[in-house]
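Below: the structure, in structure tokens.
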Amino acid sequence: MVGPWIDATAPYVNGPSSFTQMYGLKDSADARRFVAFWADAGATSFKAYMNITRPELAAAVSEAHRRGLKITGHLCSVTYREAADLGIDDLEHGFFVATDFVKDKQPDLCPGQTGGMTALLGVDVKSPEFTSLVQHLIAHHVAVTSTLTVFETFTRGQPVPPGLEALDPILNAQFEQGYARVQQDTDPRFPKLLALGRAMELAFARAGGLLIAGTDPTGMGGVIPGFSDQREVELLVGSGFTPLEAIRICTLNGATYLGRADRIGSITAGKQADLVVIDGNPAANIADIARVSLVFKQGVGYDPAKLIGSVQGRAGLF
Ligand SMILES: [Zn+2]
């Protein structure tokens, strides 16, 4: 099938929550059973979510690692520092969802996502408290996934995201309404938070942390696969990375995290031919990254104009 290589992640590993479509773990034995069940069914990775407890996360990590699989987290109830101590492999959404800086945080309880973000706004990227967290994550070999494209859509003054024409027209109209609403938003916190989150990711990577990149189709729905991956590279350059650093974060670092850097992630003799041919020089001008003239997956070349043409108005449909 034409499309990307897909690694299937299991349903969220989470405690009871208001998301009725998610299974709510009962205890740590249940967490172990849940991971074992989905690993047996073919899932190759796991994502802990906002209402997991520390014992449940510890059990999930243990069961995943016993099978040679990795577990990431979009956390809230468990802090980044606690998750590192419990052996988590990666943390989603940069530092945006860290609850480490919430005063009087109750163990194993999520203080609400906005609670964490409000506390984060009081943290200086050069402060000992943040630097110490970064060092702790690096010492425990915890990677961090940057997902700037989804936070950008919540932030007034950011450009319209690329690729909206690929969206189903109803979803496209919904996104345009949401985007217009955000442009009227006078709450200054999101612009500050976006700038701070970007500075924190830069500091983590510059300190030697493994920063990787993802996108996120949730939120307002304007984050389109492929287009948003290119946009993420641009946003990283805007954060202060050099173009080559940003490209590496979005390619080789992900392969390194997955333990597949010997096969994918860079263009080297002997590696699998997963690559794009660009009409320009993104190392000098990062906007050129969107000027793709050929794309190769596992050695087979495709015409990107035809690929994109084949999905116009269809993205977001299952
Ligand atoms: Zn998430």
Taking only complete DSSP H runs, can you tell me which helices of the chain stretch 15 Å or more along their own long axis by Cα positions and average at least 0.5 on the Kyte-Doolittle scale? 128-139
Return the aspartates and glutamates within reach of Lys26: Cα separation strictly under 14 angstrom, same-chain partners fewer than 8 residues apart disregarded; answer none if there are no such residues. Glu56, Asp108
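With Kirkwood's inverse mean 1/r over C-alpha pairs for Rh, give me the Rg to Rh ratio of the range 74-271, two decimals please.
Values: Rg = 17.1 Å, Rh = 17.6 Å.
When Rh is taken as the Kirkwood radius, the ratio is 0.97.
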For the range 1-31 and the range 109-165, what is the centre-to-centre distance using only Cα atoms, to the nearest Å? 22
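Can you work out the accessible area per residue across the range 74-271, with the rest of the protein chains kept in place, probe 1.4 Å, in square angstrom? List each step's numbers first, then the result.
Working: 8710 Å² over 198 residues.
In whole numbers, the range 74-271 has 44 Å² accessible per residue.
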Are any of the pairs Lys103/Lys126; Lys70/Lys105; Lys70/Lys306; Lys47/Lys306; Lys47/Lys126 more than 25 Å apart by Cα-Cα distance, and if so, which? Lys70/Lys105; Lys70/Lys306; Lys47/Lys306; Lys47/Lys126
In the chain, carbon and sulfur make up what percent of the accessible area (probe 1.4 Å)? 58
Relative contact order (percent) for the chain, with alpha-carbon contacts under 8 angstrom and 6 or more residues of separation? 12
Per-bin percent of Cα-Cα distances, the range 38-147 [10 Å]: 15, 48, 29, 7, 1
Stretchable slack from Asp262 to Asp185, in nm (0.36 nm times residue separation minus alpha-carbon distance): 23.1 nm
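Once you keep just the Cα pairs under 8 angstrom separated by 6 or more residues, what percentage relative contact order results for the range 7-110? Mind dumping the intermediate values first?
Numbers: 205 pairs, mean separation 26.0, N = 104.
Once divided by the residue count of the range 7-110, the mean separation gives 25 percent.
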Which residue, Ala261, Ala48, Ala213, tops the fluctuation ranking in a GNM of the chain built on C-alpha contacts under 10 Å? Ala261
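In deg cm²/dmol and to the nearest 500, what is the mean residue ellipticity at 222 nm of the chain if only DSSP H runs of at least 4 residues count, each as -39500 (n - 2.57), divided by the residue total?
It lands at -12000 deg cm²/dmol.
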Dipole magnitude (debye, nearest 20) for the range 74-271, charges at Cβ of Lys, Arg, Asp, Glu: 380
Under a Cβ-Cβ limit of 4.7 Å, which cysteines in the chain have nobody to pair with? Cys250
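The values are calculated or read from the model by the stated rules, or taken from the named source; none is laboratory data. Here the structure is a predicted model, which means the values were calculated and not measured. Neighbour counts run over all protein chains shown; Cβ positions are idealised from the backbone, glycine included. Quick note on the areas: whole protein, heavy atoms, side chains included, nothing else; ligands and nucleic acids left out. Shrake-Rupley method; radii C 1.70, N 1.55, O 1.52, S 1.80 Å.
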